[in-house]
Amino acid sequence: MTEGAAERIAELAAAAGSTIAVAESLTSGKIAAALGAAPDAGQWFRGGVVAYSPEVKRSVLDMPDVPVVSRPAAEALAANVRKLLGASYSVAVTGVGGPEPSDGEEPGTVWFATASETAVTACRAEFDGEPEEVLEQTVRFALSCLLDRLTADR
């Protein structure tokens, strides 16, 4: 699933002359790896920031002093990584992989955000399973969010 979504993102980005950036927390670079493996990534994939620590989220991606697993955090990560890396679009994820709760949220709780020049959108998802399964579902959902955003802006 991730390979097909990444390939479709590559097609849409290349066709529109758009560029993509990512900000990742719990996925630790897995979204960037999926996009970087897609066709012609060097032409449209600007890169990503893996900001696992709240201090890095705040200092590098200018996340406000809000809970790390929240809509405002995800929106700030998406908007600011897009600007930082000079991309047309971005996707960001922040959440709790588990097995323990974190930041007052249960394992499997993830916030996603996409950003473009004109808008930032966010949504929350809750995934079941072991931490590895939560990460896999998070990567798939993030690519789906990004694909939806690119498709809607066509």
Here the percent of antiparallel bridges among DSSP beta bridges lying wholly in the chain, to the nearest 5, is 60
Among Pro101, Gln137, Pro39, the residue whose Cα sits farthest towards the positive end of the charge dipole of the chain (+1 at Cβ of Lys and Arg, -1 at Cβ of Asp and Glu, taken about the Cα centre) is Pro39
With the 8 Å Cα cutoff and a minimum separation of six or more residues, region 1-89 has a relative contact order in percent of 33
Rounded to the nearest 10 degrees, the helix 131-152 long axis (Cα) sits at an angle to the longest Cα principal axis of the chain of 40
Once the mean of 1/r over all distinct C-alpha pairs in region 62-116 is inverted, the Kirkwood radius in Å reads 11.4
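Throughout, read-outs are computed from the coordinates displayed, never taken from laboratory work. Computed from a predicted model, the values in this text were never measured in an experiment. Every residue, glycine as well, gets a Cβ built from its backbone with ideal geometry; the counts of neighbours run over all protein chains shown.
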